[in-house]
Amino acid sequence: MKENKDKTNIWLDIEKSAEILGLSIQTLKKQCRRGYYTFKIIRRGKRTHYFLLLKSLPDFAQDKYLKEDVINTKYSEAPDWAKAQAEKYLPIINASKGLRGEALKDFIDKWNLEHEKWLNTSYSSVIKMRRRFFRYGLSGLLSQHGKHLSGSTVPDNFFEYFKNLYLVEGAPSIRTCWDLTLGYAIRMFDAKRETFPSYMAFKRRLDKEIPKQSIYLARMGETAWNRKYGGYIERDYSNILCNEVWVSDHAQIDVACFDSDNKVVFPWVTVWRDYKSGKWLGWILQTGNPNSDYIFQSFYYAAEKYGLPKDVIIDNGKDYRSKDFAGGRRSIKISTNKTKTQSMLAELNIEVHFALPYNAQTKPVERDFLKIKEILSKHFIGYRGGNVVERPQKLAKEIKSGKIMKFEDFKLLFDKYILDILNKRPSQGKTLNGLCPDELFYSEFKEKITTTKDALKLFCMRTSKDFTIRRNGIKDTTLGITYWADWMISKMGLRVYLRRDIEDYKEAWAFRCDNDEFIGTVNAVKAVAALHADKVSKEEFKEAMSIKKRNSKVAKAYIKQTLTISPEEQYENYKAAYNSTKKDFNTDVKVSKIANTNMDKTVRKKKEQDDFGKFDLSIFLQEEPKPKETLYLYETDKILAERNKKYIN
């Protein structure tokens, strides 16, 4: 019988194979060379002839060649509800035979007008049903047509071996796994390459038997699977008010800029964002690598304007875990008093929550970085893409021609984008529900809890390591700075730590290590050129100590510019678009001050010292000895002594 015909060694010429598959001969040859099918080439004179192994072809092609009666049998056995779809599309396929493109679309429009609604169809559905009818005949028009297909041509033992190679982390290519399986079959079972199933046959069986997400889990790992397929828990924001919880993170902006030294840089942004509304509260854009200094500075910007949150969600990176900001890692053994005193967040009664490492789902701010990429970065000259695959080829030319923006210009425009675009961009999400972040934020933000500005600034100063006061004062070898104040004369040997302004390291506030008492202020005395400026930053001190040569240059070969939409014009377009939906909302809030923190006490003590002037150091000066007085018995003796002294002089 035909259905029992052996398929293991049947070779079809290229013309017959193309007819069965519904492909052109040229396309089929390309697929053969790419390894889709098992084939061989036979030379007859000067011509080459392709032959394809029947068993390597898809199941429908094998059935069609062998003329098996499976299709009609299955149709006759199908239930009425499955036949209804076939009876609907068979007249359409026959009536539209030979029609393509616009002619087919016109036919479908006319058909839909002339027939009842349940007989209506669409262009894509007709194309899909034509393909099914060509491959499987009338049975292909049934709703569950795929169930009639025969089993795979890949033997179970070879398939199991292949799975052990393919379903592993590292995602090895299917071709290399097939090569290894072929070698195993040749060594152990004396298999022949010509009759061995193609790698596409292995892939078809794999896709048929193993769910797509299971394949992804095995090859990409659990973390990647969790991001793409893992279930998630919806957040309920109903019990959180705006400004109660902040979240922070760093991100690199994928736009090239020229820094002050004309070097190409990709800026970093450090941001504090309201957890519920998504409003950006404080941020800083800079050209250096992110560190704790920028976390302090951006927190100060946010807290100065909007007050203090109750909770913060921060990254688990070491810059966020810094001891003076969040108290360090919980596994680090630090005494309670020291942690509380030296941790800014603990002093301000802010609860810290560390996000899971490498898990963007725990920090909604990650979505904001994607929004910035879409609305800003991709439209700017100098965009480099999020990875090598996304990198535009024009980037190198834009840098060479000097078209990219200066960092200072980009920074000004970036700030405008945040204030006027990102914070005012409406969203149809579950939380915003058609509002923009500003509107939702100010609808709930009615009380500002803060401390004095001087105390807040002192809180946001960086805490140094412990130092010992020496005869030359306090020397910070890391930055090459020596600090001195007159009061240190009487404090030699005392252990202290410093708090310094993140933008000005010229002045520092000294505290005792044993009881955290404020002692006084100190000033940097190192004679470097940077000290002539009003403010001296940490980076400037490092630059003064560095001997690294700056030898990179950026070529400035200008080419003819084409018409482009400038970033400024894009900003104005965005601003106009979102201003069209702008609503008036009240931004007035009640201000509540925390007035008696440790830093407030320190500020008051500093003011008292300033009011009384500098320390009186006269007690440390040695008095000059007074000349000894000569005692005379008689007045005449005194007169004679003075006369003799006069003559001697």
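Key figures
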{"item": "Of all residues making up the range 466-484, the number that are out of contact with any Asp or Glu (no Cβ under 9 Å at 6 or more places or on another chain) and part of a strand (DSSP E or B)", "result": "9"}
{"item": "Breaking point among (1) over 20 Å from V603 (Cβ atoms); (2) in contact with a strand residue (DSSP E or B) (Cβ under 6 Å, 6 or more places away or on another chain); (3) surrounded by 15 or more Cβ atoms within 10 Å (Cβ to Cβ), for K506", "result": "(1)"}
{"item": "Enumeration of residues in the range 419-449 that are touching a helix residue (DSSP H, G or I) at 6+ places or on another chain (Cβ under 9 Å) and buried (at least 20 other Cβ atoms within 10 Å of the Cβ)", "result": "I421, L422, N423, K424, C436, P437, D438, E439, F441, F445"}
{"item": "Residue in the range 276-287 that is of a type in the set (A, V, I, L, M), within 24 Å of L432 (Cα to Cα), in contact (Cβ under 8 Å) with a residue 24 or more places away in the chain and surrounded by 21 or more Cβ atoms within 10 Å (Cβ to Cβ) present", "result": "yes"}
{"item": "In the range 237-251, the residues that are among the small types (G, A, S) and surrounded by fewer than 20 Cβ atoms within 10 Å (Cβ to Cβ)", "result": "S238, A251"}
{"item": "Filter result for Q252 (outside the structural domain of P91 (by TED's automatic domain parsing), in contact with a strand residue (DSSP E or B) (Cβ under 7 Å, 6 or more places away or on another chain) and either on the phi < 0 side of the Ramachandran plot or modelled with pLDDT of 90 or more (or both))", "result": "yes"}
{"item": "The range 186-198: number of residues that are part of a helix (DSSP H, G or I), under 20 Å from I10 (Cβ atoms) and touching a helix residue (DSSP H, G or I) at 6+ places or on another chain (Cβ under 8 Å)", "result": "2"}
{"item": "Matching option when the condition is among the acidic types (D, E), more than 21 Å from K40 (Cβ to Cβ) and in contact with an Asp or Glu (Cβ under 8 Å, 6 or more places away or on another chain), among E244, E222, E160, E169", "result": "E244"}
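The values are calculated or read from the model by the stated rules, or taken from the named source; none is laboratory data. For clarity, every value in this text was computed on a predicted model and none was experimentally measured. Every residue, glycine among them, receives a Cβ derived from its backbone with ideal geometry; neighbour counts consider all protein chains shown.
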